[in-house]
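Reviewing the structure listed below.
A short reminder: the numbers here are calculations on the coordinates, not readings from a lab. All figures in this text were calculated on a predicted structure; none of them were measured in a lab. Using ideal geometry, Cβ is built from the backbone for each residue, glycine included, and neighbour counts are taken over all protein chains shown.
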Number of protein chains: 2
Amino acid sequence: MATSGNRSILPAALVLWTALGPAPITTAAEAQRAATIDETAAELRDRALASPLAWELLESLTTEVGHRFAGSAGDRAAVAWAVAKMEELGLENVRAEPVTVPQWVRGEARGRTLSPYPQEMKLIALGGSVGTPETGIEAEILEVAGLEELVEVPDAEVAGKIVFFNRRMERRQDGRGYGQTVPIRGRGPSAAAAKGAVAVLIRSVGTGTHRFPHTGALRYAEDTPRIPAAALAVPDADVLEAQLRRGQPVRFHLYLGSRYLANTQSANVIGEVVGRDKPGEIVLLGGHLDSWDVGTGALDDGAGCAISLAAAKLIAALDRPPRRTIRVVLFANEEFGLSGAEAYAQAHQAELTTHQLAMESDFGAGNVWRFAASVEPAARTAAQSIATLLEPLEIAFDAGPAWGGADLRYLHTSRVPVADLTQDGTYYFDYHHTEDDTLDKVAPDALAQNVAAYATVAFYAAETETSFFPAPARTQRER
Amino acid sequence: MATSGNRSILPAALVLWTALGPAPITTAAEAQRAATIDETAAELRDRALASPLAWELLESLTTEVGHRFAGSAGDRAAVAWAVAKMEELGLENVRAEPVTVPQWVRGEARGRTLSPYPQEMKLIALGGSVGTPETGIEAEILEVAGLEELVEVPDAEVAGKIVFFNRRMERRQDGRGYGQTVPIRGRGPSAAAAKGAVAVLIRSVGTGTHRFPHTGALRYAEDTPRIPAAALAVPDADVLEAQLRRGQPVRFHLYLGSRYLANTQSANVIGEVVGRDKPGEIVLLGGHLDSWDVGTGALDDGAGCAISLAAAKLIAALDRPPRRTIRVVLFANEEFGLSGAEAYAQAHQAELTTHQLAMESDFGAGNVWRFAASVEPAARTAAQSIATLLEPLEIAFDAGPAWGGADLRYLHTSRVPVADLTQDGTYYFDYHHTEDDTLDKVAPDALAQNVAAYATVAFYAAETETSFFPAPARTQRER
């Protein structure tokens, strides 16, 4: 979610798009056709808003599968669940396309301050961390605020220490606090190792104050030793901080049982509503089927899977299928390396130019409040029509660019247009990547509002005669 | 917190007390004296409201000690902490009076559904539970709503099963939902064992929806086998319930590493502000120093200890001590058998008739909203005067009886009068007895309001010429 350097190029095109406004409808036939699309879309939207289907799907996934980390038994169960559900929902061309995934095993995580004030701490290994020796690692804590501050500390002061990155994440509707803080999780371990640290602790990258540490992937640099790294729950980071404020050296003991096993197989699970007129043109909507190995992955990303499946089912239940094909893709292993996204882009390379629009729901289950689409000016009328259909859902049309979701990043290079239905993420990072990501954190009404939004956009994009492909050049934000 | 059967006797006396109203003040000297007490009390109250002392004490306890389960290393550290703090605060006659405590060790707890839908579950051993065999216990789940419903199930259906008590606790300001649900925790294990169950699971007795199971003591009956018993976190109980609703038998695997070690030593830690006029008459205020072995015991009952210590310190800082002695008692082992309460009553049996009033803060750190006192009608003027002093703190005077707190139960038989400063417990059971009971759950302003209330009542009771002892007969509710 970090922003790219090419942002300054974007506004010009988008200001133009906004300034021109909707193009006038020129013939009676076009007007008639537009009314029909709009009417059907509005009916679909309202039916979706009243449908409990996404909730039922999410309840099923979290009850019958639970968490489903790439390569785990839960992952295999989830693939079987998704295939069975798609068939049960009447989607077509249901298949599981193979994806090779890494297999990292978390193992046990234990930490405690040893002196001057012994306390047990709740912590969790960062995804991909190496384990400690069997006897753990014991060292003094060195606290730094972030990556920049670490640079200022002489290597001699870091050597042999456990570096504690102690930066708080800000709560924001759009989740920008995550992008501001998460580089510590990704790059902190190698940055500390480069200066001689023996392990890394970070304050959890999350907004929750409950005692759930927050996991997520680290990225080791090639040229530095791989040292164990874990996140402390926020209240535990508070205690460690308070102990450090007393001025005496704080010694810490860390044990992580994490390790890698051999790569293994997972799958992208795909199902379709085949288009009546242009079946080879694709409107893609999806989420990722994998989760971290904590919680039941209700918000991340069971919700996105349920929203996509429910939206497709509601479209399939229309009197006739839309002109283009609706394709639901439940991606494998988003969390630990985007394996499914990469496999999809490779397997479907030849047909990417037929992807008219792609959308991914992967930000929990809060209400959608923003719609944006990265499409050329020629498609602006259609985008505006979609926006008008979304107004009753209290969704604003944002002329800014769309990002599309992590699993769509490899489609960007083929200029597949993407749309965003941005969710309210105010509370998302209270639960995200923690043991507390469970079904009770999902509001059924908000889930249905999401389905209504996705169904509306997907149907309209599949039914309209407007072509969206290709996306404007360079309007993608990098992840 | 269960109510006794003698409740119907109480209202008559209390209605009388209320109806009579404050007795008139009869002489100028008495009026002058009353004004002085009231003025001093009001100043004390307002100083307490602005004081960060209780917060500082609680931060110190949770940072430097953490949890402090009876008999643990943390318990010993807490006793040392309390003695040092009382001396630092300038309390007098500081001592640690020995208390023998049981020593139960929780060990590891693991649970998972095996079929038809394998999932790991967050659970915690109930306090005092026996462990399972090293290989755990595997059995089918039998769900019942509560103790009454279990009675209706034929023994043959219970035999060999893991009984799952699945009752939800209601959220209430006064915490009454706890009293309605907690008998399952206390008596459920033996009730199930009597019918042949091999283990017990309960839905956590708590209002939180976070994934923290709730511990607390069970009570094995003498005449039934002792079977392992654990509480599932609320979201995990939801999943188990949802799995059971699908109609197939659910098999479960439970491992508990719990065991008893030999009894060991702890202490009640006591400090005083010695009275200037009647040093042998005692106004007792306290909390319990022990906690469960989860969280840092910030709410239960670090807050009560901090409130008591801060109130005593603020009274000690007055120009002169009050007429009677203020005694702070930080009780040992409230949670796992009231050992400290019993030891105090025994050690101080001879002087219990000199205890003018006793109060315990043990319901978290919410704002005080109710004041009640179990005193004879002769003391009603004093009680009313105290109530008037508490009005600016938004505390209502309740003519109903006072309970006094669990650690005061042995004082009841000696008719020691008790007062209640009832806290808002709306959110208390979101954290109580869980890993999430940490300092960040305490609001500094509410903590200071508590100190103001305790300081006011304790000072007034210690300064007034009114005698409170003995309490009216039979006005104590049983726990």
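How many times 2.2 N^0.38 Å is the alpha carbon radius of gyration of segment B:213-278?
Cα Rg divided by the expected 2.2 N^0.38 Å: 2.03.
Between 0 and 90 degrees, rounded to the nearest ten: what's the tilt of helix A:183-193 against the longest Cα principal axis of chain A?
30 degrees
Indicate, rounded to the nearest 5 percent, the antiparallel portion of the DSSP beta bridges found entirely in the protein assembly as shown.
Percentage antiparallel, nearest 5: 55.
Among the lysines in the protein assembly as shown, how many pairs, 8 or more places apart or on different chains, have alpha carbons under 21 Å apart?
Step by step, the pairs that qualify in the protein assembly as shown add up to 12.
DSSP loop (so not H, G, I, E, B), at most 10 other Cβ within 10 Å: list which GluC sites (Glu not before Pro) in segment A:131-209 pass both filters. Mind showing how you got there, number by number?
Values: sites: A:GLU134, A:GLU138, A:GLU140, A:GLU143, A:GLU148, A:GLU149, A:GLU152, A:GLU157, A:GLU170; in loops: A:GLU134, A:GLU170.
When the GluC sites (Glu not before Pro) of segment A:131-209 are filtered for loop state and at most 10 Cβ neighbours within 10 Å, A:GLU134 remain.
Starting from the 7 Å offset along Cα-to-Cβ, what nm value, one decimal, do you get for the label separation of B:THR264 and A:ASP38?
7.6 nm
Go ahead and estimate [θ] at 222 nm for chain B from helices alone: -39,500 (n - 2.57) per DSSP H run with n ≥ 4, summed, over the residue count, rounded to 500.
-10000 deg cm²/dmol
With both bridge residues required to lie in chain B, what share of the DSSP beta bridges run antiparallel, to the nearest 5%?
The antiparallel proportion sits near 55 percent.
When all alpha-carbon pairs of segment B:107-257 are counted, what percent fall beyond 29 Å?
8 percent
Could you pull the Cα extents of the protein assembly as shown along its three principal axes, largest to smallest, in whole Å?
Reported extents, whole Å, longest axis first: 100, 70, 61.
Just to confirm the numbers: A:GLY160, label point 7 angstrom along the Cα-Cβ line, distances to the other copies in nm, shortest first?
6.2
Using Cα centres only, tell me the gap between segment A:124-163 and segment A:37-114 in whole Å.
Centre-to-centre distance over Cα atoms comes out at 36 Å.
In chain A, which residue puts its Cβ closest to the axis that turns chain A onto chain B, and how many whole Å away is it?
A:HIS210, 3
To the nearest 20 Debye, how big is the dipole of chain B about its Cα centre, given +1 on the beta carbon of each Lys and Arg and -1 on that of each Asp and Glu?
My answer is approximately 820 debye.
If Rh is defined by the Kirkwood formula over all Cα pairs and Rg also comes from Cα, what ratio Rg/Rh do you get for chain B?
1.01
Tell me the distances, shortest first, between B:PRO133 and the same position across the other copies, using label points 7 Å along Cα→Cβ, in nm to one decimal.
3.8
Calculate the FRET efficiency for B:THR100 and A:THR135 from the Cβ-Cβ distance with a Förster distance of 41 Å, rounded to the nearest 0.05.
0.70
Give me the percent of DSSP beta bridges within segment A:107-257 that run antiparallel, rounded to the nearest 5.
Percent antiparallel among DSSP bridges in segment A:107-257 is about 55.
What percent do you get for the relative contact order of chain A when only Cα pairs under 8 Å and 6+ apart count? Don't jump to the answer; show the numbers that get you there.
Working: 1169 pairs, mean separation 110.2, N = 479.
This gives 23 percent for chain A.
Pull out the extension gain between A:GLN346 and A:ASP277, defined as 0.36 nm times the separation in residues minus the alpha carbon to alpha carbon distance; nm, one decimal.
Extra length available between A:GLN346 and A:ASP277 comes to 22.2 nm.
Between the label point of A:PHE397 and that of the same position in each other copy, find the distances and list them shortest first in nm, with every label point placed 7 Å from Cα along the Cα-to-C-beta direction.
Here the equivalent label points are 6.6 nm apart from this one.
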